[in-house]
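What follows is a set of notes on a single structure, which appears directly below.
The values are calculated or read from the model by the stated rules, or taken from the named source; none is laboratory data. Since we're looking at a predicted model, the values are computed, not measured. When we count neighbours, we look across all protein chains shown, and the Cβ atoms used for this are built from the backbone with ideal geometry, even at glycine.
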């Protein structure tokens, strides 16, 4: 994968889970990786580990749903490291209330902002540079919830992940002849901290049978490292073992419901 040597790559949600594993793996292949997230100290810890292993990494605390902060991030990267070659949109957020019947507008919007709006803002910010060099890759980690929405991920999360899947297809159809590759990765259940927000957080034995962050990271590196002439438009990464989620779905139905109803 020497095709990644020296490439400038932004990874969002890089403080933990899929983003952390992806950043570490991309850096091990010689890329210059910019770690983006909200928690500066966490990001710097990941960056320090990458540098200690001989990689190149920088940390940038950014609210990616804020246009001004996104523009400042890309301006800094362009000035310090050069044009962004690869953008990995990985940051994600799920709602605590999973049933569309109960979720408040503010919580719904927060999920859309992190999972969908931020992808748009970051993409719009890196496109000019990619188009100018007629080369660039945009990889977005969506979710199988985009294809099979249910109460596990929740209404807001599934809608947002379907939105970014659609947006990646739009980018592919619009800019492929300009040298821009757009890829959507759709993982099934992944053993990341987002599982802690579930109505029924999975036990360790269940998590062990899920897709692991490093598994999705391998998919990210595959999509990023192929020759420029080839693009993986969409890639599903799912657990081999299918577990019984019926009990989880029923608990999810009532999470966040008014007390007088959820008690019934």
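Numerical summary
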read-out: From the options 236, 232, residue that is surrounded by fewer than 18 Cβ atoms within 10 Å (Cβ to Cβ), farther than 18 Å from residue 136 by Cα and modelled with pLDDT of 90 or more; value: 236
read-out: Selection from the stretch 136-165 of residues that are in a helix (DSSP H, G or I) and out of contact with any strand residue (DSSP E or B) (no Cβ under 9 Å at 6 or more places or on another chain); value: 155, 156, 157, 158, 159, 160, 162, 163
read-out: Verdict on residue 211 being in contact with a helix residue (DSSP H, G or I) (Cβ under 8 Å, 6 or more places away or on another chain) and either surrounded by 14 or more Cβ atoms within 10 Å (Cβ to Cβ) or under 22 Å from residue 121 (Cα atoms) (or both); value: no
read-out: Residues (surrounded by fewer than 24 Cβ atoms within 10 Å (Cβ to Cβ) and outside any loop (DSSP other than H, G, I, E, B)) located in the stretch 26-45; value: 28, 32, 40, 41, 42, 44, 45
read-out: Residue match in the stretch 126-133 (condition: under 15 Å from residue 11 (Cα atoms) and in contact with a helix residue (DSSP H, G or I) (Cβ under 9 Å, 6 or more places away or on another chain)); value: yes
read-out: Given (1) in contact with a strand residue (DSSP E or B) (Cβ under 8 Å, 6 or more places away or on another chain); (2) assigned to a helix (DSSP H, G or I); (3) within 18 Å of residue 89 (Cα to Cα), index of the condition residue 9 fails; value: (2)
read-out: The one condition in (1) farther than 24 Å from residue 159 by Cβ; (2) in a helix (DSSP H, G or I) that residue 70 fails to fulfil; value: (1)
read-out: Within the stretch 147-167, considering residues that are surrounded by fewer than 23 Cβ atoms within 10 Å (Cβ to Cβ) and over 20 Å from residue 105 (Cβ atoms), the one nearest to the chain's Cα centre (by Cα); value: 165
read-out: The stretch 32-47: number of residues that are without any contact (Cβ under 8 Å) to a residue 40 or more places away in the chain and touching a strand residue (DSSP E or B) at 6+ places or on another chain (Cβ under 8 Å); value: 9
read-out: Condition met for residue 109 (closer than 24 Å to residue 178 by Cα and either within 13 Å of the chain's Cα centre (by Cα) or in a helix (DSSP H, G or I) (or both)); value: no
read-out: Index of the failed condition, residue 93 passing every other in (1) within 23 Å of residue 189 (Cβ to Cβ); (2) over 16 Å from the mean Cα position of the chain (by Cα); (3) surrounded by fewer than 24 Cβ atoms within 10 Å (Cβ to Cβ); (4) modelled with pLDDT under 95; value: (2)
